[in-house]
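Novice: Structure provided below as structure tokens; questions to follow.
The values are calculated or read from the model by the stated rules, or taken from the named source; none is laboratory data. This is a predicted model, so every value here is computed, not measured. Using ideal geometry, Cβ is built from the backbone for each residue, glycine included, and neighbour counts are taken over all protein chains shown. Remember, those area values only see protein heavy atoms, side chains included, never the ligands or the DNA or RNA. Shrake-Rupley method; radii C 1.70, N 1.55, O 1.52, S 1.80 Å.
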Amino acid sequence: AQSVTQPDIHITVSEGASLELRCNYSYGATPYLFWYVQSPGQGLQLLLKYFSGDTLVQGIKGFEAEFKRSQSSFNLRKPSVHWSDAAEYFCAVGAYFGNEKLTFGTGTRLTIIP
Amino acid sequence: NAGVTQTPKFRVLKTGQSMTLLCAQDMNHEYMYWYRQDPGMGLRLIHYSVGEGTTAKGEVPDGYNVSRLKKQNFLLGLESAAPSQTSVYFCASSYFGTSGADTQYFGPGTRLTVL
């Protein structure tokens with residue numbers, strides 16, 4: 001069975017500082033990986049996804065993530081955070097083939113301080 | 001193009017009451033999902049559907065039923081609500097990509113409180 005671990009429940013970062021959110025997955029075959037963002041009171045919005053090919057993927061709002069198969073990780077990064085990035089971030093994994101559903105991590109809440 | 005919409009946005013029930021949550025999508029997606037979101041537990045899949053007339057159980061299906069009579073609609077029913085079903089419910093839909101379900105698009109959520 002597939003699973004996702006987001007080890008950091010809450011992260012606080014200063015505005016303008018760099019950010020890295022960790023995601024580790026467990027899946028026996030080739031994974032299909034996603035990062036979603038959820039602003040307070042809102043639904044989830046896709047930031048980026050990794051399907052195949054280049055292991056460094058670019059997403060919206062200046063985010064990027066790197067797939068590292070050897071470490072079973074898909075960490076999300078941003079070089080300089082903005083106050084509007086404060087939200088909850090979810091990593092998810094699905095099957096590359098025959099995928100019907102995703103498994104989500106428990107989320108990381110990001111707080112931005114001035 | 002409204003995307004994924006959910007009705008209602010908020011609801012308060014008493015224990016034992018029933019209700020139906022409606023999810024509608026206008027993107028012609030084959031797959032639809034119902035999740036619940038509870039603090040510290042992320043999103044947990046309740047039921048999902050891979051096409052009109054078909055449904056399947058997810059991770060936490062007990063106490064819920066679903067129906068997908070039309071491709072664009074996915075209904076979630078609570079026959080006898082319990083306080084443990086207090087949660088935020090999200091619907092999502094997905095198109096069929098090259099090898100399976102692709103990106104899921106989420107609705108705005110329904111906040112349900114059961115007293």
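Novice: If you find the alpha carbon centre of region B:41-100 and of region A:11-39, how far apart are they in angstrom?
Specialist: Centre-to-centre distance over Cα atoms comes out at 25 Å.
Novice: Right, next: With N denoting the number of residues in the protein assembly as shown, provide Rg(C-alpha) divided by 2.2 N^0.38 Å, to two decimal places.
Specialist: In units of the globular-protein estimate, the protein assembly as shown measures up at 1.01.
Novice: Leaving ligands, DNA and RNA out of it, report the carbon-plus-sulfur percent of the accessible area of region B:1-59 at a 1.4 Å probe.
Specialist: On the way: 1540 of 3020 Å².
Ligands and nucleic acids excluded, carbon and sulfur reach 51 percent.
Novice: Any idea of A:Ile113's accessible area? Nearest 10 Å², probe 1.4 Å.
Specialist: Taking all protein chains as shown, A:Ile113 has close to 70 Å².
Novice: Give the long-range amide H neighbours of A:Ala87: residues separated by 5 or more places, or on another chain, with amide H under 5 Å away, using H modelled in the peptide plane at 1.01 Å from N.
Specialist: Answer set, sorted by chain and number: A:Leu110.
Novice: If you don't mind, another one. When Cβ neighbours within 10 Å are restricted to other protein chains, what is their mean count per residue of peptide A:101-109?
Specialist: Working: counts 14, 10, 5, 8, 2, 7, 6, 0, 0.
Counting Cβ atoms of other protein chains within 10 Å of each residue's Cβ and averaging gives 6.
Novice: What quantity of accessible surface, computed with a 1.4 Å probe and excluding non-protein components, is buried in total between chains A and B, in Å² to the nearest 100?
Specialist: Using a 1.4 Å probe on protein heavy atoms, the buried area is about 1700 Å².
Novice: Counting only heavy atoms of the protein chains, get the accessible area per residue of region A:1-50 (1.4 Å probe) and round it to a whole Å² value.
Specialist: That works out to 46 Å² per residue.
Novice: With both partners inside region A:2-114, how many of the DSSP beta bridges are antiparallel, as a percent to the nearest 5?
Specialist: The antiparallel fraction comes to roughly 85 percent.
Novice: Return the FRET efficiency for the residue pair B:Thr5, A:Arg109: r is the Cβ-Cβ distance, R0 is 22 Å, and the value is rounded to the nearest 0.05.
Specialist: Computed FRET efficiency for B:Thr5 and A:Arg109: 0.25.
Novice: By average Cβ neighbour count within 10 Å, what is the ranking of B:27-38, B:48-59 from highest down?
Specialist: Sorting B:27-38, B:48-59 by mean packing, highest first, produces B:27-38, B:48-59.
Novice: When the Karplus curve 6.51 cos²θ - 1.76 cosθ + 1.60 is applied with θ = phi - 60°, which whole-Hz ³J(HN,Hα) does each residue of region B:18-26 get, with x for Gly and Pro?
Specialist: Listing the rounded values in order: 10, 6, 10, 9, 10, 10, 10, 9, 10 Hz.
Novice: OK, next. Report, by chain and number, residues whose modeled amide H sits under 5 Å from the one on B:Thr55, excluding near sequence neighbours (fewer than 5 apart, same chain).
Specialist: Amide H neighbours of B:Thr55: none.
Novice: Continuing with the same structure: Output the residues of region A:29-50 meeting this criterion: accessible area (heavy atoms, 1.4 Å probe) in the chain alone minus accessible area with all protein chains in place is 40 Å² or greater.
Specialist: A:Tyr36, A:Leu44
Novice: If you don't mind, another one. Enter the accessible area per residue of region B:6-53 (Å², integer; probe 1.4 Å; all protein chains in place).
Specialist: For region B:6-53, the per-residue accessible area is 47 Å².
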